[in-house]
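The block underneath contains the structure these notes are about, expressed in structure tokens.
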Amino acid sequence: MSGAKSAYFNDCYEHGFIGGDWGIHQDLSNDLTEAWQDFNKKFIPVFLEAHPEKSKIAAGLACGMLHTICKGMNVGDIILTPNGSGQYFVGELISEYYYEEGQILPHRRRVKWYKNSISREEMSEQLKNSAGSIGTVSNLSKYVEEIESLLSGKRPPSLTHSDENVEDPTVFALEKHLEDFLIANWQSTELGSEYNIFSDEGVLVGQQYPSDTGPIDILAISKDEATLLVVELKRGRASDVVVGQIQRYMGYVKDVLAEPHQQVKGVIIALEDDLKLKRALSIAVGIEFYRYQVSFKLLKT
């Protein structure tokens, strides 16, 4: 995403680059560690000094995206960049990081833009959601076949899925919207009465929040800002493995994101549980389990 609402798309396209800012005005050439966690540890304080009104959560997200642009992407990677009018332009990354002091988006990578573009209207719902996710950078690698089809002028099937464990794509089509539905209807849920999905300056950033052990489905904060809530969503039945997974996420939030006065809790949401999960949860501290229901009705009019 080249600036808020693609404000800098024309500059990026005309001059062959992508980039970022985030108020960190120094050359990062000697600071781009292999692990983004090490980069964040050093530059979160720099970000917070430039933006004292921001939280550690906002700082962690900004520094993580900056590292992805400067180091995480590789020469030869294919990128999609929206122009703000419903088209995604495609290009190839052709340089390592460089710094343009005093310019817009000064932390840059050079790009060779292709003539091809993709209309958002032609994308599957899954690709639309991922390509339109909150944040400057999102990884679209699992949609490579669909993207290649669109670039060749072929529209993908209307019903697709990328989960190899899903046997029935029809059932998957109902359940794949669980996260988006929960986000859209958060305030009307039991969790929404106590927590808000984390946002920064009115922009929701708590969906698919990155951690060092994988993305957190939903990161929320209590209305009194005393508790951070990690929400893990599972299609179908959840096994006891999810307890260790959410504990890792909670540990990251506690160690890296939480302020000294904040506690961390977790919620697992799934269609069903089993005895193993119940046993694991019985001694897991600060984790609750919720079931969801998928309902479909025909109403005669």
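Structure notes:
- If the condition is being within 12 Å of Leu219 (Cβ to Cβ) and either in contact (Cβ under 8 Å) with a residue 40 or more places away in the chain or surrounded by fewer than 21 Cβ atoms within 10 Å (Cβ to Cβ) (or both), then region 263-274 contributes Val264, Lys265, Val267.
- Take the conditions (1) in contact with a Gly (Cβ under 9 Å, 6 or more places away or on another chain); (2) at pLDDT 90 or above; Lys41 misses just one of them, which is (1).
- For Gly244, the test of being without any contact (Cβ under 8 Å) to a residue 24 or more places away in the chain and touching a Ser or Thr at 6+ places or on another chain (Cβ under 9 Å) is failed.
- Scanning region 42-59 for residues that are within 23 Å of Pro215 (Cβ to Cβ) and surrounded by fewer than 14 Cβ atoms within 10 Å (Cβ to Cβ) yields a single hit, Lys42.
- Filtered residues of region 11-32 (kept if surrounded by 15 or more Cβ atoms within 10 Å (Cβ to Cβ), in contact with a helix residue (DSSP H, G or I) (Cβ under 8 Å, 6 or more places away or on another chain) and assigned to a loop (DSSP other than H, G, I, E, B)): Trp22, Ile24, Leu28, Asp31, Leu32
One line per residue, one yes/no per condition, for (1) over 25 Å from Asn40 (Cβ atoms); (2) assigned to a strand (DSSP E or B); (3) in the same structural domain as Asn40 (by TED's automatic domain parsing):
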{"position": "Tyr88", "(1), (2), (3)": "yes, yes, yes"}
{"position": "Ile104", "(1), (2), (3)": "no, no, yes"}
{"position": "Glu121", "(1), (2), (3)": "yes, no, yes"}
{"position": "Val137", "(1), (2), (3)": "no, no, yes"}
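Every residue, every condition in (1) modelled with pLDDT of 90 or more; (2) in a strand (DSSP E or B), yes or no:
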position	(1), (2)
Gln208	no, yes
Asp217	yes, yes
Ala220	yes, yes
Glu225	yes, no
Leu228	yes, yes
Ser239	no, no
Gln245	yes, no
Gly251	yes, no
Asp255	yes, no
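- Residue list for region 215-235, restricted to those being over 23 Å from Ser193 (Cβ atoms) and in contact (Cβ under 8 Å) with a residue 60 or more places away in the chain: Arg235
- Checked against (1) farther than 22 Å from Glu179 by Cα; (2) among the hydrophobic types (A, V, I, L, M, F, W, C); (3) surrounded by 20 or more Cβ atoms within 10 Å (Cβ to Cβ), Leu229 passes all but condition (1).
- In the set Ala258, Ala284, Ala238, only one residue is within 24 Å of the chain's Cα centre (by Cα), without any contact (Cβ under 8 Å) to a residue 60 or more places away in the chain and under 28 Å from Gly60 (Cβ atoms); that residue is Ala238.
- Residue within region 47-61 that is outside any helix (DSSP H, G or I) and on the phi > 0 side of the Ramachandran plot present: no
- Selection of region 275-301 for residues being surrounded by 13 or more Cβ atoms within 10 Å (Cβ to Cβ) and in a loop (DSSP other than H, G, I, E, B) yields Ala284, Gly286, Tyr292.
The values are calculated or read from the model by the stated rules, or taken from the named source; none is laboratory data. Every value quoted in this text rests on a predicted model; they were computed, and no experiment measured them. Here the Cβ is made from the backbone with ideal geometry for all residues, glycine too, and neighbour counts use every protein chain on show.
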